[in-house]
Structures are given as C-alpha cells and as structure tokens.
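Encoded as structure tokens, the structure appears first; notes follow it.
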Amino acid sequence: FLKVGILDSTLREGEQTPGVVFTTEQRVEIAKALSELGVSMIEAGHPAVSPDIYEGIKRIVKLKKEGEITPEIVGHSRAVKKDIEIAAELEVDRIAIFYGISDIHLKAKTGKTREEALNIIAEAVSYAKEHGAKVRFTAEDATRADLEYLTQVIKTARDAGADRIGIADTVGILYPAKTRELFSYLSKIPGVEYDIHAHNDLGLAVANSLAAVEGGATIIHATVNGLGERVGITPLQVIAAALKYHFNVEVVKLELLPKISSLIEKYSGIPTPPNFPITGDYAFLHKAGIHVQGILNDPRTYEFMPPETFGRNRDYVIDKYTGKHALKDRFERLGVSLSEEELEQVLAKIKSNPNVRFYRDVDLLEIAEEVTGRVLKPRP
Ligand code: HCA
Ligand code: CU
C-alpha cells in the first residue's frame, strides 16, 4: 500500500508558464474542477504577487470554508514577513514558504551565507506558525544543494514548525535512481513528510516523481497538461496514469482527466500536442496495419491500459500503412459490405496514393464506389 496524494499547482506554477494568465472566475472554476477530480491539495497561488491572485485565493478559501470544495488550500510565500502576513490573512490551510538553498541561489539571489539562510528560514517558518497556518517549507534548488546543508535546512524548518518539506528539483536535473536514493536518505529524518516538485527540463519529471514516492515522498506536485516555468513540471494526467499502472493507486478520478485537460487548454491558451500521453488526441489512436489487427483481436497488444479507464476511446486511422483487417472493420462499422476482392482493390488504391495523410469515411466510400461501380449507402 502506497500512501501518496497530488498537490495540483496549475494555479501557481502553471500560471508561471509564459503567456498564461487566469482570470478570477477561471481560478474559481479550476479549483472546483480540481476538487471534483479529487486532488489532495490545491496550491492556489502566491497572493503577494498581484491583487487578482489575492482575490482568487480569497474566493477559493471561501469555497473551502463553505464545504463546496475539499482539498487542502495552499498559499505560496517568500520567506518574508509581508508575504506570510498576506497569506495568513487569507486563512489558507497551509502556507508554503520557499527559499533557494543551493550555493548558486544563495550567491546570485539573496547574497546570504548558509548560516544566515538557516536563520531566515527558521524565522519565516515560525512566523507563519504563529499565524495559525500549517507550514510546508520548500528547499528551492534542493537537488543542486550540498546534501549535508540540505539536511540542516530540513531540521531547521522542522524545528521551527514545518511538518512538510518540499524538495524542489528547480531546474529538472534529477534522474530516477538518484531521486529514489535522495528521498530514502531524507526520509530517515524524523518528524517531516516530503513533497516532490519535479521540473521537466530533461523530460524526467514523471519518472523522478515516481522514484521519489518509492523513496518515501507522500505528495507529488503536478499541473494539468504539465504547465509551469520553461517546459513545466510533472503533468497531472501522466503521473496519475503511471501511479495507476505501476502501483494500482488512484490518486484522482482518472475518467475526469480529459475534461480538466480541455478546461486548462482553453483557459491557458496552450494547446496540448496530439502526441501528449493520456489526454492527447493520438494517445489511443492506432495506425499501422499490424497494430490495428492486433488491437482488433486484443487491445492489450498495443495499449498499456484500456482508454476507457481515462475517459477516452480507441480508434485508428486509415492511410498507406493500413492493412486488410482495419479496412474490413472500417467498412463493417460503416454498414457497407464489400467482397474480399473489392477490399483488396480499395486497399491497392490507398497504397498507390502515399501522400494522403488521413482517409475520411467519405473518401473511403468514394473509392469503394469507384471500385465496385455500386452506389454505397453507409448506415446512418
Ligand atoms: C518558484 C520555485 C519553485 C518552488 C517549488 C515549491 C521551484 O517558482 O517559486 O514551492 O514547491 O521550482 O523551486 O516552483
Ligand atoms: Cu517550480
């Protein structure tokens, strides 16, 4: 049994995608959809950034208080009093304070020594605790920080009152074996639980998040469609599917994933590529004759799980890669009966037009009429 939940950060990290801005109404609608989906936590934004984000979080906290939504509401905050006060005033369930702790971040951003940073972290965490919120402390750029110093940071934050620690792979440089090792090591520190926040710069965010869970992390940060700074973080739909396949854990209602993916596609203005896993248009769309014959006999041949699990359907396309089994099935589905010989002739026509990308049903009927000399009526 694996204890793991999702923190969705579409409203915080996701809005840090270039070109993405959500309106207050959209923020509220997204929070409702995430609650319906079943995530454990919603990182609703960094309220000190702008008045509209503040307003959005206020509305979302109100929904939570009224019992309209259930996830824990998290507000992001720098390790500065003003930010913490703003988040506390909104009465979010948890304040997530982040501070860059690698030497690169310390030198380039804050100019603090390691020792000074420990004091800043301790003060910020206890200030948030005093204001009555649960606290997550996120070690930003944790994966490029000195491991011994990271350990000190974690203990400092814990002793100041943080019960969760976020390990941020801020520039996405982890790989799975190293991730599992890191989390197994950190899990020996008593009194805290871990979040994994994996950026996808090397395309490994999902793999690293799974490895973190194996190492003991209990919350995975994700965004719908993988939105976030640069190339984003762990895509919610992919990590949810991977957790189902590998560990038989359902962290969210899987059949609702297409709906939320479309919602975020619409509000973010960032189109999902067709070859995106799980929710992309081609995720369960087959092509080569051998593949289609396989899935017609037993879909497991070329599908890791049935598309219906994720609220999707299977289909296949027709072009020069098509074989007889697919073509026969397609005409049967259209309610048009052709002899074996006629099918062969239609297939020969298709194969002699190598540059057609997709044959629609009307195109296929036209070829079949040409071949047979009959008027063919598809079943309505
Ligand atoms: C940021 C940094 C962060 C923080 C992660 C977290 C990162 O953009 O503010 O708080 O879990 O990647 O380090 O997103
Ligand atoms: Cu991030």
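The values are calculated or read from the model by the stated rules, or taken from the named source; none is laboratory data. In this text, all values refer to a predicted model and were calculated from it rather than measured experimentally. Every residue, glycine as well, gets a Cβ built from its backbone with ideal geometry; the counts of neighbours run over all protein chains shown. Surface areas here come from the heavy atoms of the whole protein model, side chains and all, with no ligands, DNA or RNA. Shrake-Rupley method; radii C 1.70, N 1.55, O 1.52, S 1.80 Å.
Among the residues that make up the stretch 254-261, is at least one of them open to solvent by less than 10 Å² (accessible area, probe 1.4 Å) and over 16 Å from GLU29 (Cβ atoms)?
Within the stretch 254-261, one or more residues are open to solvent by less than 10 Å² (accessible area, probe 1.4 Å) and over 16 Å from GLU29 (Cβ atoms).
Would you pick out the residues in the stretch 161-197 that are within 16 Å of ligand 2 (Cβ to nearest atom) and open to solvent by less than 10 Å² (accessible area, probe 1.4 Å)?
ILE165, GLY166, ILE167, ALA168, ASP169, GLY172, LEU174, THR179, TYR194, ASP195, ILE196
I'm trying to understand the selection: among the residues of the stretch 337-356, which are touching a residue at least 24 places away in the same chain (Cβ under 8 Å) and more than 42 Å from the chain's Cα centre (by Cα)?
LEU338, GLU342, GLN345, VAL346 - these are the residues of the stretch 337-356 that are touching a residue at least 24 places away in the same chain (Cβ under 8 Å) and more than 42 Å from the chain's Cα centre (by Cα).
Taking the stretch 98-119 on its own, how many of its residues are more than 32 Å from the chain's Cα centre (by Cα) and of a type in the set (Gly, Ala, Ser)?
Residues meeting the conditions: 1.
Select from the stretch 214-247 the residues that are more than 16 Å from ligand 1 (Cβ to nearest atom) and within 13 Å of ILE167 (Cα to Cα) and list them in ascending order.
GLY215, GLY216
Taking the condition of being out of contact with any strand residue (DSSP E or B) (no Cβ under 6 Å at 6 or more places or on another chain) and open to solvent by 50 Å² or more (accessible area, probe 1.4 Å), how many residues in the stretch 45-95 meet it?
Here the count works out to 20.
Sort out which residues of the stretch 121-143 are out of contact with any Asp or Glu (no Cβ under 8 Å at 6 or more places or on another chain) and assigned to a helix (DSSP H, G or I), and write them in order of number.
Hits for the stretch 121-143 are ILE121, GLU123, ALA124, VAL125, SER126, TYR127, ALA128, LYS129, GLU130.
Only one residue in ASN225, ASN200, ASN248 is polar (S, T, N, Q), open to solvent by 10 Å² or more (accessible area, probe 1.4 Å), within 18 Å of the chain's Cα centre (by Cα) and within 20 Å of SER102 (Cβ to Cβ), so which one is that?
ASN200
Checking the conditions here, which among ALA128, ALA133, ALA145, ALA139 is within 29 Å of the chain's Cα centre (by Cα), within 11 Å of ligand 1 (Cβ to nearest atom) and of a type in the set (A, V, I, L, M, F, W, C)?
Within the list ALA128, ALA133, ALA145, ALA139, the selection yields ALA139.
Within the set of pairs 6 or more residues apart or between chains, which connect a residue that is open to solvent by 70 Å² or more (accessible area, probe 1.4 Å) inside the stretch 122-145 to a residue that is aliphatic (A, V, I, L, M) and within 9 Å of ligand 1 (Cβ to nearest atom) with Cβ atoms less than 8 Å apart?
Here the result reads ARG144/VAL171, each pair linking the stretch 122-145 to a residue that is aliphatic (A, V, I, L, M) and within 9 Å of ligand 1 (Cβ to nearest atom).
Here's the yes/no breakdown for (1) surrounded by fewer than 18 Cβ atoms within 10 Å (Cβ to Cβ); (2) aliphatic (A, V, I, L, M):
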position	(1), (2)
ILE290	yes, yes
GLY294	yes, no
ASN297	yes, no
THR301	yes, no
MET305	yes, yes
ASN313	yes, no
GLY323	yes, no
LEU327	no, yes
PHE331	no, no
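Restricting to helices (runs of 4 or more DSSP H) lying wholly in the stretch 1-91: which have 2 or more residues that are over 18 Å from the mean Cα position of the chain (by Cα) and of a type in the set (Lys, Arg)?
Ranges flagged: 51-65, 81-89.
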